[in-house]
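Reading through the structure tokens given below for one structure.
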Amino acid sequence: MNRRDLMIMGGATLLLAGRAGATNIDYTPGLVQQRLAAGETLFVDFFAPWCSTCRTQERHVEAIRAENPAYDAAMSFIRVDWDTYGTGELAQSLQIPRRSTLVLLRGEAELGRIVAGTSRSAIQELMDLGLG
């Protein structure tokens with residue numbers, strides 16, 4: 001593969017990663033309860049911008065979403081800034097132990113969670129629970 005082909009593939013990857021409709025929602029107090037009451041399935045990411053584990057998780061989540069648009073149709077992706085809301089009501093009510101925690105919620109139920117895990121397959125398994 002030559003350099004030009006590599007650059008074209010990289011550009012295509014960036015375009016796919018920036019696809020329309022694939023957005024993350026920044027958490028504000030009350031948002032999760034409101035969305036759950038409306039019947040949504042939520043993939044909630046407790047992250048810190050300086051956390052390397054969080055960045056690895058984010059790369060996997062975004063790659064998985066880019067490969068299958070069904071995830072964006074099935075659930076909303078909410079990012080909770082740990083530095084701002086790590087000791088807040090949502091983190092306490094869900095008993096979130098630390099940043100780099102991913103939680104899947106639907107209705108009154110927690111469908112699953114990953115704490116500090118960076119396995120792409122485990123993250124995809126968690127996301128797959130939201131498709132059903």
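The values are calculated or read from the model by the stated rules, or taken from the named source; none is laboratory data. Note that this is a predicted model, so its numbers are computed, not measured. Note that each Cβ is placed from the backbone with ideal geometry, even for glycine, and that neighbours are counted across all protein chains shown. With ligands, DNA and RNA removed, areas are computed over all heavy atoms of the protein, side chains included. Shrake-Rupley method; radii C 1.70, N 1.55, O 1.52, S 1.80 Å.
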Can we say ILE123 is touching a residue at least 24 places away in the same chain (Cβ under 8 Å), in contact with a helix residue (DSSP H, G or I) (Cβ under 6 Å, 6 or more places away or on another chain) and either buried (at least 16 other Cβ atoms within 10 Å of the Cβ) or under 15 Å from VAL32 (Cβ atoms) (or both)? yes
Just for the range 95-120: of the residues that are closer than 14 Å to ARG59 by Cα and polar (S, T, N, Q), which one is surrounded by the fewest Cβ atoms within 10 Å (Cβ to Cβ)? SER119
If a residue has to be part of a loop (DSSP other than H, G, I, E, B) and touching an Asp or Glu at 6+ places or on another chain (Cβ under 6 Å) to count, how many in the range 83-119 make the cut? 0
List, please: which pairs have Cβ atoms under 7 Å, are six or more places apart or on different chains, and start with a residue in the range 40-56 that is under 14 Å from SER119 (Cα atoms) and end with one that is hydrophobic (A, V, I, L, M, F, W, C)? THR53/ALA116; CYS54/PHE47; CYS54/ALA48
Give the residue, chosen from ARG3, ARG19, ARG55, ARG59, that is of a type outside the set (Asp, Glu), at pLDDT below 95 and open to solvent by 80 Å² or more (accessible area, probe 1.4 Å). ARG3
Return yes when THR13 is at pLDDT below 95, open to solvent by 50 Å² or more (accessible area, probe 1.4 Å) and of a type in the set (Val, Ile, Thr) and no when it is not. yes
All positions within the range 65-84 that are surrounded by fewer than 20 Cβ atoms within 10 Å (Cβ to Cβ) and more than 10 Å from the chain's Cα centre (by Cα): ALA66, GLU67, ASN68, PRO69, ALA70, ASP72, ALA73, ALA74, ASP81, ASP83, THR84
